[in-house]
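Okay, structure first, notes after.
The values are calculated or read from the model by the stated rules, or taken from the named source; none is laboratory data. Computed from a predicted model, the values in this text were never measured in an experiment. Neighbour counts are summed over all protein chains in view; Cβ atoms, including those assigned to glycine, are modelled from backbone coordinates with ideal geometry. Side chains are part of the model used for accessible areas, which takes the heavy atoms of the whole protein and leaves out ligands, DNA and RNA. Shrake-Rupley method; radii C 1.70, N 1.55, O 1.52, S 1.80 Å.
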Amino acid sequence: MDISTSQSALNVFSLAQDITANNVANINTDGYKAKRLDVESAPDGQGVRAQTIVESTEPGPLTNQIQPRENNDGRIEQQEVITEGSNTEVSQEVTQMIKKERGFEANAQVVRTYDQMAGVIIDMLV
């Protein structure tokens, strides 16, 4: 039995969860573009590996903001500017976090079971 497949999946789920957490952390950062991890099969079918981190091209919502600016007389005026908000969708991110958590748990259980089986075999040989 080889657990490298589950180990590679644990690494990928961990990285993907970090990316999702970063998306959620930047939900209020103007101009932030959500990212996702593309995954590919590892060589010889031995699990999965991270391929690329892809940034979304979807625009974020436009909002009006008031910002101070100095005019020619040195006085501070308020200026209305339109800024693009983050394109992160909380509902999508939470759903992805749950899916990744379940995938991580399943692969962690495979590793635990492998460890238990190895312990039983060692006990039988000793």
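See the values below:
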{"item": "With every protein chain in place, segment 44-85: carbon and sulfur % of accessible area (1.4 Å)", "result": "45"}
{"item": "Segment residue 50-residue 90, extension gain: residue separation times 0.36 nm, minus the distance between their alpha carbons", "result": "12.1 nm"}
{"item": "Theoretical FRET efficiency, 1/(1+(r/R0)^6), r = Cβ-Cβ of residue 112 and residue 30, R0 41 Å, to 0.05", "result": "0.40"}
{"item": "Backbone HN-Hα couplings from phi across segment 61-69 [Karplus 6.51/-1.76/1.60, Hz, Gly and Pro as x]", "result": "x, 8, 10, 8, 9, 9, 10, x, 8"}
{"item": "Semi-axis lengths, Å, the chain, gyration tensor of Cα atoms, sqrt of 5 times eigenvalues", "result": "49, 14, 11"}
{"item": "Protection proxy ranking, peptides 93-99, 54-60, average beta carbon neighbours within 10 Å, highest first", "result": "93-99, 54-60"}
{"item": "Cβ-based net charge around residue 42, under 15 Å, with every Lys or Arg adding one and every Asp or Glu removing one", "result": "-3"}
{"item": "Per residue accessible area in Å² of the chain, where ligands, DNA and RNA are left out and the probe is 1.4 Å", "result": "70"}
{"item": "Nitroxide proxy distance, nm - points 7 Å out along Cα→Cβ at residue 62 and residue 2", "result": "5.4"}
{"item": "Residues whose placed amide H lies under 5 Å from that of residue 86, excluding near-sequence neighbours", "result": "29, 31, 32"}
